[in-house]
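**Q** Take this structure, written in structure tokens, and hold onto it; I'll ask about it next.
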Amino acid sequence: MRVTDSQFSSMMTRAMMGSNVEINRVAEQIATGNKINSLSDDPSGSMKLLGLDKTISSAEQYSRNIADVQSKYTEYETYLMSFNDLTLEVHDLLLQANNATVSEESSAGIIAELESLREQAINTFNKKSDGVYLFSGTDVYSQALVVDDSTTPITYSFGGNADHRSTKVSEDGTMNNNFTAEEVLQGSLDFFTTLDAAIAELKKPTADKNDILGAAIDSADATQKSALNTVTILGANFNSLDRMAVNNADVALYAETVKTDINALDYAEASVRLTQSMTTLQASQTVFSTVMNSSSLFDLM
Amino acid sequence: MSMYNIGLSGLMANQIAMNVTAQNTANMTVSGYTRKVVDQATVVYGGSGNYGAGDGVTVASIRRVSDQAAINRLRAAGEDMQYSQTYMVGMQGIENVLGMEGLNLSTGFDDFFASLDEATLSPESLVYRNQVLANAKSLASRFNGTMSQIENELSTLMRSQDQAIESLNSQLENVAKLNEQIRTASGQGQDIASLQDALDLQLNELSKSIGLNVLTKDDGTVELSTKSGQPLVSGQSVAQVSLDASVGGAYNTDLVLNFNGQSVALNDPKGGALGAIADLKNDQYLPMMDDINDIAKGFADEVNAILAGGKDLNGDAGKDLFTYDSNNPASSLSLTDITAEELAFSETGSVGDGGIATALAELANKPIMIGGSQQNLYDAYAQINGYVGIATQQAQNNFNTASISISEAQTARDSISAVSSDEEAANLMMYMNAYQANMKVISTASQMFDTVLNSF
């Protein structure tokens, strides 16, 4: 084969260009730490990365949602526990008042304390957070517990509704993020009506005192149980949110690991490739300059 | 006296040969230069009886060393190279747009759905609602940005198409001129070697714009036609290529060919840069823009439809969140004049209910109607990415193959036609030796003549 001058130089230029392309590629990979720097580097890998990014960002979002729901739960738990304590106190005070040996003065003290506890109970259910009522279901601008003191005896009714709001906590699961007054009181307002009746009876005792106070004691007892029941549900939900959070963290971690497998650069391997390409380039450059500088037949004339 | 003449003819023949060597050496680095060789022939007039030595040497021809097959192969490889290069660059353009972090639609969807998830905690809160609006707006602008970047890339392609058409027309004119010069020169028996080199180079350039069929005639002139056989240069007639004005539009790749007063549509395949631009537009850009438009439209329609089933904070029926122009949904996607209060997140009508917000957030994981089929938003977007990745990779592979093929074609052509300096040096020595030897012959003849003269 006839080899001409232009052939030699174009061949060498091509060889050096090829090495430079490879060096550039490795340098970009080393700079970013990623094997895949554009879609075409590895189309199926790129698609997997997109899917993994989605998995990770969803898992992180679910974790944030779980934390938000849990923080709401903590708020509800505080009020529910204080309501629980309050019903126990009512229960104890009523038992005390039902004792025949109570003096007039201490009876007045019990009445004052019961009235205060009644106010606290009403306030607990009508708690507001960020300007909205916590226990009124989705009807957040209505009071959860409506007290009409124009009537005798005072009438009570549920102001909001019993609907729940739910937040997404996993791919296919949602979790209620509110508790309603109806739920906590299991739909009954007897706690308040029997308490009012008991207070009225204590102020002006009649022959039915034992019965009326007994009914109030039973009601306080039942209400305490149902409040505690709600707290139990809350606790169970809280725990299952914890488990979901761990699951989400696992999912995100797993996705990160797979991402690393697909995309993370093996620096050792990359530096070997870099060295190889640089050696090739240097060799080509040496060959090129040696041959170009070597004497041609013209020099010998 | 024949010894003088024989020597002189050798002197002259080798002088010409050295001129050719000088010309080859001088043009060693000229691309497209075809080396020449001298064909020397023995001259025998005859009639000198039994002892006739012959009548010296003459230069029978100065031959251009070329192989039409190698030239054609190089030209075809050049066309293929330009096609795959233009195609690859075009694909890399789309790839870069999709790779821009600020235009990543997946991230936009993530943010939008995240803000909806958060809104379910207190659907009545204006803080969360405004966050939903802000993220919806940023998602819409991601759609707008992606589309406008792709349109930019496409406009760039259209500009290179204009340039390719312009240079195509002037190159066709040049070919016709060269044809004319070659015809004249060869009619007058002049040397047409350099004109042929120029023609070959011109044809190589021309085939970068468009695929060519070349018919070389005996007198060295060429007739050109497109790959589908439509005439470009024939005799004195030259075609003019232009955009088909009757089609119009910003992204027109329909070309017409005006030849001898007649206009016809330029048929596919076009080949070269013009073919690559048309194929990129028809096979890559437009389908991809359609896909993105489908996603934008499907998403906006679904969100609006779900909102329509809800109630806003004032208890009114849901208003649309997104609006778009159905001719170009992605680039025109924007928010309506909806306010935060008017986002119909409530399913039951209670202000604190977030049933609709939850339903909207669920769009992240379920299929919706996109372009006539049920697809998940993220999947539809990932599919575009995957397709572009594969097509770009394919284009790069094609480009690499074309690079190898053109370098092989160039090697094959150079092996035949390019200059080798060692070869020229060897020739120069050989011709110089021959020249000096012939000088000696003449001087010997002269001495013989002197000997004869001195004997008197």
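The values are calculated or read from the model by the stated rules, or taken from the named source; none is laboratory data. Since the model is a prediction, treat every value here as computed from it, not as a measurement. Neighbour counts are summed over all protein chains in view; Cβ atoms, including those assigned to glycine, are modelled from backbone coordinates with ideal geometry.
**Q** Does B:Val452 satisfy the condition of being among the aliphatic types (A, V, I, L, M), over 52 Å from the mean Cα position of the chain (by Cα) and over 30 Å from B:Ala13 (Cβ atoms)?
**A** No, not satisfied.
**Q** Which condition number in (1) facing chain B (nearest Cβ under 10 Å); (2) free of Cβ contacts under 8 Å to residues at least 40 places away in the same chain is the one that A:Ser129 fails?
**A** Result: A:Ser129 fails condition (2) only.
Conditions (1) closer than 30 Å to A:Ala112 by Cβ; (2) over 15 Å from the mean Cα position of the chain (by Cα), marked per residue:
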| residue | (1), (2) |
| --- | --- |
| A:Thr152 | yes, yes |
| A:Phe158 | yes, yes |
| A:Leu202 | yes, yes |
| A:Leu213 | yes, yes |
| A:Thr223 | yes, yes |
| A:Val246 | no, no |
| A:Ala255 | no, yes |
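**Q** Can you name every one of the helices (runs of 4 or more DSSP H) wholly within region B:1-119 that holds 1 or more residues which are charged (D, E, K, R)?
**A** B:68-99, B:105-119
**Q** With the condition being closer than 24 Å to B:Gln171 by Cβ and not small (Gly, Ala, Ser), I'd like the strands (runs of 3 or more DSSP E) fully within region B:240-345 carrying at least 3 qualifying residues.
**A** Result: B:240-243, B:255-259.
**Q** Going through region A:11-39 one residue at a time, which ones are at the interface with chain B (Cβ under 8 Å from one of its Cβ atoms) and over 30 Å from A:Met292 (Cβ atoms)?
**A** Across region A:11-39, the qualifying residues are A:Ser38, A:Leu39.
**Q** Give region B:358-413 a look and list any residue that's more than 10 Å from every other protein chain (Cβ to nearest Cβ), in contact with a Pro (Cβ under 8 Å, 6 or more places away or on another chain) and either surrounded by 18 or more Cβ atoms within 10 Å (Cβ to Cβ) or part of a helix (DSSP H, G or I) (or both), or say none.
**A** B:Gln375
**Q** What is the one condition in (1) in contact (Cβ under 8 Å) with a residue 60 or more places away in the chain; (2) small (Gly, Ala, Ser); (3) closer than 30 Å to A:Asp250 by Cα that A:Ser166 does not satisfy?
**A** Just one mismatch for A:Ser166, condition (1).
**Q** Considering only region B:125-177, state which residues are free of Cβ contacts under 8 Å to residues at least 12 places away in the same chain and within 28 Å of B:Ser346 (Cβ to Cβ).
**A** B:Ser125, B:Val127, B:Ser141
**Q** Now, a different point. Report yes if some residue within region A:219-240 is out of contact with any helix residue (DSSP H, G or I) (no Cβ under 7 Å at 6 or more places or on another chain) and acidic (Asp, Glu); otherwise report no.
**A** Among the residues of region A:219-240, not one is out of contact with any helix residue (DSSP H, G or I) (no Cβ under 7 Å at 6 or more places or on another chain) and acidic (Asp, Glu), which makes the answer no.
**Q** Considering only residues that are closer than 30 Å to B:Val65 by Cα, among the β-branched types (Val, Ile, Thr) and surrounded by 15 or more Cβ atoms within 10 Å (Cβ to Cβ), which ones fall in region A:1-33?
**A** Answer for region A:1-33, where residues must be closer than 30 Å to B:Val65 by Cα, among the β-branched types (Val, Ile, Thr) and surrounded by 15 or more Cβ atoms within 10 Å (Cβ to Cβ): A:Val3, A:Thr4.
**Q** Go through (1) more than 13 Å from every other protein chain (Cβ to nearest Cβ); (2) surrounded by 18 or more Cβ atoms within 10 Å (Cβ to Cβ); (3) part of a loop (DSSP other than H, G, I, E, B) and name the single condition B:Val419 misses.
**A** (1)
**Q** Identify, by number, the condition in (1) within 12 Å of chain A (Cβ to nearest Cβ); (2) surrounded by 20 or more Cβ atoms within 10 Å (Cβ to Cβ); (3) of a type in the set (D, E, K, R) that B:Glu79 doesn't meet.
**A** (1)
**Q** From B:Gly32, B:Gly102, which residue is within 14 Å of chain A (Cβ to nearest Cβ) and in contact (Cβ under 8 Å) with a residue 24 or more places away in the chain?
**A** B:Gly32
**Q** Within region B:67-76, track down each residue that is among the hydrophobic types (A, V, I, L, M, F, W, C) and buried (at least 18 other Cβ atoms within 10 Å of the Cβ).
**A** B:Ala70, B:Ile71, B:Leu74, B:Ala76
**Q** Among the residues that make up region A:130-149, is at least one of them of a type in the set (A, V, I, L, M, F, W, C), touching a helix residue (DSSP H, G or I) at 6+ places or on another chain (Cβ under 6 Å), buried (at least 18 other Cβ atoms within 10 Å of the Cβ) and part of a helix (DSSP H, G or I)?
**A** There is no residue in region A:130-149 that is of a type in the set (A, V, I, L, M, F, W, C), touching a helix residue (DSSP H, G or I) at 6+ places or on another chain (Cβ under 6 Å), buried (at least 18 other Cβ atoms within 10 Å of the Cβ) and part of a helix (DSSP H, G or I).
**Q** When region B:242-273 is examined, which residues are found to be within 18 Å of B:Asn152 (Cα to Cα) and surrounded by 14 or more Cβ atoms within 10 Å (Cβ to Cβ)?
**A** Within region B:242-273, B:Tyr251, B:Asn252, B:Thr253 qualify.
**Q** If A:Ser157 satisfies all but one of (1) loosely packed, with under 14 Cβ neighbours inside 10 Å; (2) in contact (Cβ under 8 Å) with a residue 12 or more places away in the chain; (3) part of a loop (DSSP other than H, G, I, E, B), what's the number of the condition it fails?
**A** It is condition (3) that A:Ser157 fails.
**Q** A:Asp299: of a type in the set (Asp, Glu) and either within 14 Å of chain B (Cβ to nearest Cβ) or surrounded by 14 or more Cβ atoms within 10 Å (Cβ to Cβ) (or both), yes or no?
**A** So A:Asp299 passes the test.
**Q** Here's another thing I want to ask about it. Suppose the filter is surrounded by fewer than 20 Cβ atoms within 10 Å (Cβ to Cβ), modelled with pLDDT under 95 and away from chain A (no Cβ under 12 Å); does B:Glu341 pass it?
**A** Yes; evaluated as a whole, the condition is true for this residue.
**Q** If I ask for residues that are in contact (Cβ under 8 Å) with a residue 60 or more places away in the chain and within 14 Å of chain B (Cβ to nearest Cβ), which ones from region A:275-296 would you list?
**A** Of everything in region A:275-296, those that are in contact (Cβ under 8 Å) with a residue 60 or more places away in the chain and within 14 Å of chain B (Cβ to nearest Cβ) turn out to be A:Val291, A:Met292.
**Q** Something else: Does any residue in region B:112-124 that is closer than 11 Å to B:Glu362 by Cα and facing chain A (nearest Cβ under 7 Å) come within less than 7 Å, Cβ to Cβ, of a residue that is assigned to a helix (DSSP H, G or I) and of a type outside the set (Asp, Glu) six or more places away or on a different chain, and which pairs are these?
**A** So the pair list comes out as B:Ala114/A:Gln61; B:Asp117/A:Gln61; B:Asp117/A:Asn65; B:Asp117/B:Ala361.
**Q** Identify the single condition in (1) in a helix (DSSP H, G or I); (2) under 33 Å from the mean Cα position of the chain (by Cα) that A:Ile36 does not satisfy, given that it satisfies every other one.
**A** If we test A:Ile36 against (1) in a helix (DSSP H, G or I); (2) under 33 Å from the mean Cα position of the chain (by Cα), just (1) comes out false.
**Q** Can you find even one residue in region B:198-207 that is on the phi < 0 side of the Ramachandran plot, in contact (Cβ under 8 Å) with a residue 40 or more places away in the chain and in a strand (DSSP E or B)?
**A** No - not one qualifying residue is present in region B:198-207.
**Q** So, one more: Being farther than 25 Å from A:Val146 by Cβ and of a type in the set (Lys, Arg) is the filter; apply it to region A:186-216 and report the residue that is surrounded by the fewest Cβ atoms within 10 Å (Cβ to Cβ).
**A** Per the criteria, the residue is A:Lys204.
**Q** While we're looking at this one, here's another question. Can you tell me how many residues within region A:40-81 are within 11 Å of another protein chain (Cβ to nearest Cβ) and either in contact with a Lys or Arg (Cβ under 9 Å, 6 or more places away or on another chain) or without any contact (Cβ under 8 Å) to a residue 24 or more places away in the chain (or both)?
**A** Result for region A:40-81: 22.
**Q** For the structure I just gave you, tell me whether A:Thr232 is exposed (fewer than 12 other Cβ atoms within 10 Å of the Cβ), assigned to a helix (DSSP H, G or I) and polar (S, T, N, Q).
**A** Answer is yes for this residue.
**Q** Next question, about the same structure. Which count do you get for residues in region B:345-357 that are more than 7 Å from every other protein chain (Cβ to nearest Cβ) and either more than 15 Å from B:Ala317 (Cβ to Cβ) or of a type in the set (Lys, Arg) (or both)?
**A** Going through region B:345-357 one residue at a time, the tally reaches 1.
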